[in-house]
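A quick write-up on the structure given underneath.
The values are calculated or read from the model by the stated rules, or taken from the named source; none is laboratory data. As the structure is a prediction and not an experimental result, all values here were calculated from the model. Neighbour counts are summed over all protein chains in view; Cβ atoms, including those assigned to glycine, are modelled from backbone coordinates with ideal geometry.
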Amino acid sequence: MEPEEPVPPVLPWRSTARKTPRWPEGYWRRVFWRGLRLRCPVCGVGKLFRSYFVMWDHCKACGVSFAREHGQWVGSLDINTFFTAFLLMIGVGFGPLWSLRTSLIVWCSAAVLVPLATFRFVRGVWTAIVHLTGGVY
């Protein structure tokens, strides 16, 4: 009798009938929305964060692990940096003409507070992107 080969898990969105599996219609929108709501990109039920800056290691509802490799979250840092820089450039370019002192206070404060405010949401979207590319399963 031959030993049984381990069967890889098949996720609900993967089709075994086709050679190239495709996403169901609108699946990526649902996954991005789950990321923005700070929920698990796979099931949409479990929460991503246990505190403001600390993520859970795995989903409490479906058990999927969020962290896969060292340096995985650098992408969320890049997105957050780009978003903050873009927002500040638009603000400085089209904002009111303030004195130098007022401008430095406003824009330096915004450069610190905007990344802190958007950290969780960018990390949720990045988790969704990692899931869509096969990194969270």
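When you scan region 49-96, how many residues do you find that are touching a Ser or Thr at 6+ places or on another chain (Cβ under 7 Å) and in contact (Cβ under 8 Å) with a residue 12 or more places away in the chain?
First pass over region 49-96, keeping only residues touching a Ser or Thr at 6+ places or on another chain (Cβ under 7 Å): 57-58, 66, 80, 83.
With the extra rule that they be in contact (Cβ under 8 Å) with a residue 12 or more places away in the chain, the set shrinks to 66, 80, 83.
So the answer is 3.
Filter region 106-137 down to the residues that are of a type outside the set (Gly, Ala, Ser), outside any helix (DSSP H, G or I) and surrounded by fewer than 17 Cβ atoms within 10 Å (Cβ to Cβ) and list them by number.
Thr133, Tyr137 - these are the residues of region 106-137 that are of a type outside the set (Gly, Ala, Ser), outside any helix (DSSP H, G or I) and surrounded by fewer than 17 Cβ atoms within 10 Å (Cβ to Cβ).
Looking at Ser103, is it out of contact with any strand residue (DSSP E or B) (no Cβ under 7 Å at 6 or more places or on another chain), farther than 28 Å from Arg22 by Cβ, assigned to a helix (DSSP H, G or I) and at pLDDT 95 or above?
On the way: out of contact with any strand residue (DSSP E or B) (no Cβ under 7 Å at 6 or more places or on another chain): yes; farther than 28 Å from Arg22 by Cβ: yes; assigned to a helix (DSSP H, G or I): yes; at pLDDT 95 or above: no.
No.
How about region 26-49: which of its residues are more than 16 Å from Val122 (Cα to Cα) and part of a loop (DSSP other than H, G, I, E, B)?
Once the filter is applied, which keeps residues that are more than 16 Å from Val122 (Cα to Cα) and part of a loop (DSSP other than H, G, I, E, B), region 26-49 yields Gly26, Val42, Cys43, Gly44, Val45, Gly46.
Considering only region 36-59, state which residues are surrounded by 12 or more Cβ atoms within 10 Å (Cβ to Cβ), over 21 Å from Leu113 (Cα atoms) and of a type outside the set (Phe, Trp, Tyr).
Arg39, Cys40, Pro41, Val42, Cys43, Gly44, Val45, Gly46, Lys47, Leu48, His58, Cys59
In region 59-76, is there at least one residue being within 16 Å of Gly35 (Cβ to Cβ), touching a Lys or Arg at 6+ places or on another chain (Cβ under 9 Å) and not in a loop (DSSP other than H, G, I, E, B)?
Among the residues of region 59-76, at least one is within 16 Å of Gly35 (Cβ to Cβ), touching a Lys or Arg at 6+ places or on another chain (Cβ under 9 Å) and not in a loop (DSSP other than H, G, I, E, B), which makes the answer yes.
Among the residues in region 97-110, are any among the aliphatic types (A, V, I, L, M), without any contact (Cβ under 8 Å) to a residue 60 or more places away in the chain and closer than 27 Å to Arg29 by Cα?
Within region 97-110, not a single residue is among the aliphatic types (A, V, I, L, M), without any contact (Cβ under 8 Å) to a residue 60 or more places away in the chain and closer than 27 Å to Arg29 by Cα.
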